[in-house]
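The values are calculated or read from the model by the stated rules, or taken from the named source; none is laboratory data. Bear in mind the structure is a predicted one, so any value in this text is a computation, not a measurement. Here the Cβ is made from the backbone with ideal geometry for all residues, glycine too, and neighbour counts use every protein chain on show.
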Amino acid sequence: MLGLRHQHLLQRGGILDAARFEEARRNREGPFRDVLGGVDGKVSVLEFHHQGNVEPLDTEYGPIDRCLVEAGADYKRYAVTESGVSPRAIPGGDAFVVMDSDEHTDAGKISEDLIGHMTQQDKRMRKLDGMRSEALPPEWYGPKNAERLMICWGSTYGACREAVDANNADDRRKTAAMLHFAQVYPIDADAVRKTIGKRDEVYCVEGNQTGQFADLLREQGALGDAKLLTRYDGMPFTCGYILEAL
């Protein structure tokens with residue numbers, strides 16, 4: 001019998017024999033149905049019409065380099081490389097794949113050797129260089145010479161962008177811009193520091209009390225003096241809330 005799932009949902013779509021359901025699902029026949037729950041070999045179902053016009057992905061589509069290799073008896077799972085990324089062999093082939101979550105040698109065997117530990121730790125940290133080079137840069141919005149800069153990340157994007165427009169529509173206010181981070185780590189600290197530059201006012205707009213991202217930017221050497229513009233009452237930022245705090 002199929003496992004019970006989503007029993008709290010109302011039964012819809014009638015009753016379908018379990019064996020027939022599995023056959024229809026395998027063959028993608030007609031309206032494809034997903035299981036909601038089962039009793040005595042019968043399943044209640046929710047209709048989900050399979051869209052037959054969706055083409056399969058190209059077999060050459062492979063955006064992620066998984067570093068898979070054909071390896072032999074000399075394979076070492078944690079081989080030291082310039083990038084810090086070790087080639088990965090698939091278990092079951094000619095290579096004997098040994099993995100360990102404790103500190104290990106390049107062959108994957110547990111080790112407490114000090115030099116070996118430093119070598120493996122340095123290798124792991126070199127991965128950050130590659131991640132940093134491929135990291136998403138922050139998005140700038142507003143005039144480049146803005147006197148007032150709002151640094152933000154994540155879901156604060158919309159409210160901050162609206163606040164930039166509303167602020168700059170008022171000639172009585174200092175000009176404002178936004179620097180939004182869709183990816184908060186790792187960051188290119190030198191590039192971020194140059195982008196921030198010298199401003200009359202820099203605000204870190206964050207949905208927490210302590211300014212966690214501001215602390216991270218300072219730790220990385222990307223941020224100097226900045227004011228916190230935070231909200232931690234459980235409500236989302238709004239344009240009005242930001243303008244009132246500036």
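Table for the structure above
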| quantity | calculated |
| --- | --- |
| Of all residues in the stretch 59-81 being among the charged types (D, E, K, R), modelled with pLDDT of 75 or more and under 25 Å from the mean Cα position of the chain (by Cα), the one that is nearest to ASP94 (Cα to Cα) | ARG66 |
| From the options MET178, MET150, residue that is surrounded by 16 or more Cβ atoms within 10 Å (Cβ to Cβ), closer than 28 Å to ASN208 by Cα, without any contact (Cβ under 8 Å) to a residue 40 or more places away in the chain and of a type in the set (A, V, I, L, M) | MET178 |
| The stretch 127-148, residues that are farther than 27 Å from ASN167 by Cα, outside any loop (DSSP other than H, G, I, E, B) and either touching a Phe, Trp or Tyr at 6+ places or on another chain (Cβ under 7 Å) or of a type outside the set (Asp, Glu) (or both) | LYS127, LEU128, GLY130, MET131, ARG132, SER133 |
| Near pairs, Cβ below 8 angstrom, 6+ apart or cross-chain, from the stretch 220-246 (aliphatic (A, V, I, L, M)) to any residue that is assigned to a loop (DSSP other than H, G, I, E, B) and buried (at least 18 other Cβ atoms within 10 Å of the Cβ) | ALA222/ILE187; LEU228/GLY211 |
| Any hit, the stretch 107-126, residues being free of Cβ contacts under 8 Å to residues at least 24 places away in the same chain, assigned by TED's automatic domain parsing to the domain that holds GLN212, surrounded by fewer than 20 Cβ atoms within 10 Å (Cβ to Cβ) and not in a loop (DSSP other than H, G, I, E, B) | no |
| Residue in the stretch 188-206 that is under 19 Å from ARG148 (Cβ atoms), at pLDDT 95 or above and in contact with a Ser or Thr (Cβ under 7 Å, 6 or more places away or on another chain) present | yes |
| Residue check, PRO236 surrounded by fewer than 13 Cβ atoms within 10 Å (Cβ to Cβ), touching a strand residue (DSSP E or B) at 6+ places or on another chain (Cβ under 8 Å) and outside the structural domain of LYS127 (by TED's automatic domain parsing) | no |
